[in-house]
Amino acid sequence: MASFLETAASIAREAGSVLMSYYQRGIAFELKGEFDLVTAADKASEKLVVERLSSHFPSHAIVAEEGSGQDHASSEYRWYVDPLDGTTNFAHGFPMFNVTLGLERGGEMIAGVVFDPLRDEMFAAERGAGAYCNNHRIHVSRATRLEDSLMATGFPSFKRHLNINVHFFHQVAMLTHGIRRGGSAALDLAYTACGRLDGFWEFGLQPWDQAAGMLLVREAGGQVTSMKGGPADVRGKHLLATNGKFHGQVVELFGEVFAGHYRVPLPQIDSSR
Ligand code: IPD
Ligand code: CA
Ligand code: CA
């Protein structure tokens, strides 16, 4: 019998083909919030994933972003599904998106995949068995100092006027090699797992954005916590993931920002220039 991970990977690959068929045609979007896009591709991908999961695992709970999951509240197993992570990119033809599935058992992530159909990259991890990209073992980067890192972050569309991340963004931008904002949280985490990035943080994540990615980072040797360095929770909304070698430095820096202290002051705008 195929493992949870093998089944998840095969479903993600199939959903990736659905996404590609829409992407190649170019596609219209609707708004589900003021700046929050959704496309027919999100819905078609979710339909396929939920149909496949519920036929393989009829007793499992499924939490899917577009709302078509199945509510088996008493189930020990819960899937988190983002049928298209990076919808804004997708709708604009910016080539950075994925489909991601994560499986939780009794409150712990035990399996997860992030599939990028444009690059044909399948990131996969199983608890205790390591993390892989296209069946090759992956590891986090070797950077030991924040000063030598390339970081990533994101800004959710929902209630974006309340997001405090700009304060953190400035400090990290000043103290690292730079920040990437790729527009796909699951790939940011997968890239942290394979060492293309040294770390990622975001305020306002949903469980399906981070479920698979947090397991990938851990299984690749990295560290995942809350912004303040406490335990990370898939439903916790805030997440800091790094290669684990300078995690404390980031927690310290973020602690200063939470306390209103800016190590590097914001530049003044000189309106006469
Ligand atoms: C979004 C992307 C983005 C992140 C947002 C997510 P969606 O997911 O992952 O990078 O900054 O927080 O909501 O809406 O494209 O599935
Ligand atoms: Ca998402
Ligand atoms: Ca999505």
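Here, each number is a calculation from the coordinates, and none is a lab measurement. Keep in mind that this is a model prediction, so the values were computed, not measured. All Cβ positions, even for glycine, are placed from backbone atoms using ideal geometry, and neighbour counts span all protein chains on display.
Quick look at the values:
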| quantity | calculated |
| --- | --- |
| Relative contact order computed over segment 2-137 (Cα-Cα under 8 Å; 6+ residues apart), in percent | 22 |
| Mean separation of Cα contacts under 8 Å, 6 or more apart, over the residue count of the chain: relative contact order % | 16 |
| Spatially proximal lysines relative to Lys43 (Cα-Cα < 27 Å; intrachain offsets below 8 disregarded) | Lys32, Lys159, Lys237 |
| Selected from Gly112, Ala61, Pro95, residue furthest toward positive end of dipole (the chain; charges at beta carbon) | Pro95 |
| Sparse-neighbour loop sites [chymotrypsin sites (Phe, Trp or Tyr not before Pro); segment 35-93; at most 14 other C-beta within 10 Å; DSSP] | Phe35 |
| Principal axis dimensions, largest first and in whole angstrom, of segment 2-137 by Cα | 38, 35, 24 |
| Relative counts (whole %) of C-alpha pair distances in segment 32-79, using bins that are 10 Å wide | 27, 47, 21, 6 |
| Principal-axis tilt of helix 247-258 within the chain, Cα atoms, nearest 10 degrees | 70 |
| Rounded tilt (10° steps) of 207-219 against the dominant C-alpha axis of the chain | 80 |
| Tilt relative to the chain, helix 40-56 - C-alpha long axis, 0 to 90 degrees, to 10 | 60 |
| Percent antiparallel among DSSP beta bridges (both partners in segment 146-258, rounded to 5) | 55 |
| Centre separation in Å (Cα based) which lies between segment 234-259 and segment 1-19 | 32 |
| Burial order of peptide ranges 226-234, 38-46, 161-169 (average beta-carbon count within 10 Å, highest first) | 38-46, 226-234, 161-169 |
| Vicinal HN-Hα couplings computed from phi for segment 188-205 (Karplus, 6.51 cos²θ - 1.76 cosθ + 1.60; Hz; Gly/Pro x) | 4, 6, 4, 5, 5, 5, 9, x, 6, 10, 9, x, 8, 9, 7, 9, x, 6 |
| Semi-axes of the equivalent ellipsoid for segment 146-258, Cα gyration tensor, largest first, Å | 17, 17, 13 |
| Fraction of beta bridges assigned by DSSP in the chain that are antiparallel (%, nearest 5) | 80 |
| At R0 = 35 Å, FRET efficiency that the Cβ-Cβ distance of Arg142 and Lys47 yields, to 0.05 | 0.25 |
| Potential extension, Glu6-Ala73 segment - 0.36 nm per residue separation minus Cα distance | 21.7 nm |
| Rotationally averaged projected area of the chain (alpha carbon convex hull; nm²) | 15.5 |
| Residue exposure sequence - Glu66, Glu147 - by fewest surrounding Cβ within 10 Å | Glu147, Glu66 |
| Distance histogram in 5 Å bins (all Cα pairs of segment 1-67, percent per bin) | 3, 15, 23, 23, 16, 10, 7, 2, 0 |
